[in-house]
Amino acid sequence: MTDAADVELLERIRRDLRASLSERRYRHVQGVVETAKRLSPRVGVDLRQAELAALLHDLCKEWPTDSLSDVLRRHHDTVWLDFSPLIWHAPAASYVARERYGIEDVAVLEAVYYHSTGRGAMGPLDLVLWVADYIEPGRDFEGVEVARRLAEVDLALAFRYAIKETILDLLERDETIHPTTWQAYNAYTRKTKRGAPFRIDRFTEA
Ligand SMILES: [Fe+2]
Ligand SMILES: [Fe+2]
């Protein structure tokens, strides 16, 4: 893709998002784009891929549940329907991004696909998008500062913290937990425990 065509595509996606998302959600997407681009060089992620994945990740977040399930059914990807509708927008956005914008970059499509659940084999772009989505400047919840500090040190530690908090929250709300979320938790618990034991308390002070 030429640079000009690329800029045009990003502009088209931005225009569509501005027209279809609430003001609040559009600001969130902007925050994720900025944060993803800031984190990317640390793990060798291409800035254009980071921008594209971040722009697209919540493309379908405000769609009605019926439209999301239609997309998933059309793609014979119905396993999602056994879990909370809150996470359907992630795989749906991946399919819609491919259909509507002709995006074929598998790393971008997969990062979008797994942005709400995580997965065992998170690529660097998955990691950047997940952490950026969790800590972007508009986020304000208990623990977000811990995640931000961890992200400054190590994205894997930040992700492990975020996925654990997410699981705890899901358990608290009696929600089901998607299998790839457990796979992500297990993979990153192993990864972050190798060498020094994982000690979150090092990051919760000061
Ligand atoms: Fe999302
Ligand atoms: Fe998001």
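The values are calculated or read from the model by the stated rules, or taken from the named source; none is laboratory data. Here the structure is a predicted model, which is why all the values come from computation and not from measurement. Heads up, the Cβs are rebuilt from the backbone with ideal geometry, glycines too, and the neighbour counts pull from every protein chain shown.
See the values below:
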| item | result |
| --- | --- |
| Tally, over the stretch 43-79, of residues that are farther than 29 Å from residue 158 by Cβ, away from ligand 1 (no atom under 16 Å from the Cβ) and assigned to a helix (DSSP H, G or I) | 6 |
| Some residue of the stretch 56-72 being surrounded by fewer than 20 Cβ atoms within 10 Å (Cβ to Cβ), of a type in the set (Val, Ile, Thr), touching a helix residue (DSSP H, G or I) at 6+ places or on another chain (Cβ under 6 Å) and touching a residue at least 60 places away in the same chain (Cβ under 8 Å) | no |
| Residue within the stretch 168-176 that is within 20 Å of residue 54 (Cα to Cα), out of contact with any strand residue (DSSP E or B) (no Cβ under 6 Å at 6 or more places or on another chain) and among the hydrophobic types (A, V, I, L, M, F, W, C) present | no |
| Qualifying residue in the stretch 20-27 (condition: part of a helix (DSSP H, G or I) and modelled with pLDDT under 95) | yes |
| Residue within the stretch 110-121 that is closer than 19 Å to residue 41 by Cβ, crowded, with 23+ Cβ neighbours inside 10 Å and within 17 Å of the chain's Cα centre (by Cα) present | yes |
| Selection within the stretch 73-107 - within 16 Å of ligand 2 (Cβ to nearest atom) and crowded, with 17+ Cβ neighbours inside 10 Å | 87, 88, 89, 90, 91, 92, 93, 94, 96, 97 |
| Residues within the stretch 28-50 that are surrounded by fewer than 19 Cβ atoms within 10 Å (Cβ to Cβ) and in contact with a Lys or Arg (Cβ under 7 Å, 6 or more places away or on another chain), tallied | 1 |
| Output for the stretch 80-118, where each listed residue is assigned to a helix (DSSP H, G or I) and of a type in the set (D, E, K, R) | 82, 98, 99, 100, 110 |
| Neighbours by Cβ (under 6 Å, 6+ apart or cross-chain): first from the stretch 141-166, on the phi > 0 side of the Ramachandran plot and without any contact (Cβ under 8 Å) to a residue 24 or more places away in the chain; second in a helix (DSSP H, G or I) and crowded, with 17+ Cβ neighbours inside 10 Å | 143/165 |
| Any hit, the stretch 53-61, residues being away from ligand 2 (no atom under 16 Å from the Cβ), of a type in the set (Asp, Glu) and at pLDDT 95 or above | no |
